[in-house]
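Input: a single structure, listed below in structure tokens.
None of the figures in this text is laboratory data; all of them are computed from the coordinates on show. None of the values given here were measured: they were computed from a predicted structure. With ideal geometry, Cβ positions are generated from the backbone for all residues, glycine too; neighbour counts draw on all protein chains shown.
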Amino acid sequence: MRPPTPDGGRSAVGGSATPAAAGFLTAPLAEALAVLRPHPGSLLDAPLSAGGCFVRALPVDTTCAAAARRFFREALASLPIPSGLLHDGVTMASELAANTLHAQRQTAASLQRAPGGVPEIWVYLRGTGRSCEIVCKVFDTVRTFDGAVQTGLAKAPVDSVSGRGLQVVDGLSAGLWGCHPTLSRLGTAKTPGKAFWFALRVPPAALPADLGRPRYGPDWLVDELAAMLAARGLTEIVRADAGSISVLSISRHLTVWRNGPTVSWRAQSGKYQQLDLADLVDVTEQIVWAHEESALAEGHGYPGGPVPVADLAAS
């Protein structure tokens, strides 16, 4: 029996397949499928190496730091990360988890009840080539900031929290760390909280080029950005598209513009942020950060600028 032609049995000449079609049909299955462009799926459940975000819940007990160390290693297990860099990341993840456990216990003692939600650890890649970084964040639902901790783009001073954990993070990350308001990732209802984070620069030769960056065009990327923002709890987005330009109205104080392969918005500080759309996880996190800063500013009556540090300490 003759195999069907790609046009459902109709052929170009005399009922026989064209040479191109015949070659396609007689090729091994793997070669035939390689001709077809794969349909892009969502990054919501993609592995870190494909542009996704590694997420795990952390226990609220004395095993919290050990769990963070284990999860950080698990997140990067399939990547050829230099052992020294991996050790530094494991140490910093452990320190941030210990810091989170301390905050949870202090809040439980002051409120005489445990805060809602559980801590989470997030790990993802951003940038490429010489600017490739491993980003690790430890989230908790205690939305209080030490009096000297700045949100926005400024990093927290090393003496802002009791103990030496953040001093260790500051030294090992070469100053690439900070704290900001955000929303939880796990669970259906997204819980407000904060995330302490650090970034580790990866040597250019350590990872393949563009690892962790989706290889699809800006139109697909902006669709995925909208889906990822909705999954992070920003469900009231109003969107408009015109050619290579897209506008996502996140709230009355935050509008995100996509122009070709880049996105930009005005932060609470008044400065404009501009990022590469291919860094989808980081773009999503930065927008959630900006949204939560706007919510905090509005709640304290400062809709036009950054939240004063004294008020953040009382949030």
Could you give the length gained on full extension between R266 and D45, defined as 0.36 nm per residue of separation minus the Cα-Cα distance, in nm? 76.6 nm
Taking placed amide H atoms and a strict 5 Å upper bound, the residues 5 or more places from V142 or on another chain that come that close are K194
In nanometres, what is the gap between the two model label sites at T63 and A242, each 7 Å from Cα along Cα-to-Cβ? 5.6
Distance (nanometres) between label positions extended 7 Å along Cα→Cβ at Q167 and R201: 2.4
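Cβ neighbours within 10 Å, averaged per peptide: list 56-66, 232-242 in order, most packed at the top.
Working: 56-66: 16.5, 232-242: 13.4.
Highest to lowest by the protection proxy: 56-66, 232-242.
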With x for Gly and Pro, the residue-by-residue ³J(HN,Hα) of segment 267-274, computed from phi through the Karplus equation 6.51 cos²θ - 1.76 cosθ + 1.60 at θ = phi - 60° and given in whole Hz, is 7, 4, 6, x, 7, 8, 9, 9
With x for Gly and Pro, the residue-by-residue ³J(HN,Hα) of segment 52-57, computed from phi through the Karplus equation 6.51 cos²θ - 1.76 cosθ + 1.60 at θ = phi - 60° and given in whole Hz, is x, 10, 7, 9, 9, 7
Given a Förster distance of 45 Å, the FRET efficiency implied by the Cβ-Cβ spacing of A77 and E298, rounded to the nearest 0.05, works out to 0.60
Going residue by residue through segment 83-88, the Karplus relation 6.51 cos²θ - 1.76 cosθ + 1.60 with θ = phi - 60° gives ³J(HN,Hα) values, rounded to whole Hz and with x marking Gly or Pro, of 4, x, 5, 4, 5, 4
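What is the gain in length, in nm to one decimal, between S251 and S131 on full extension, counting 0.36 nm per residue of separation less the C-alpha to C-alpha distance? Please list the in-between numbers first.
On the way: separation 120, 0.36 × 120 = 43.20 nm, distance 3.12 nm.
This chain segment gains 40.1 nm when fully extended.
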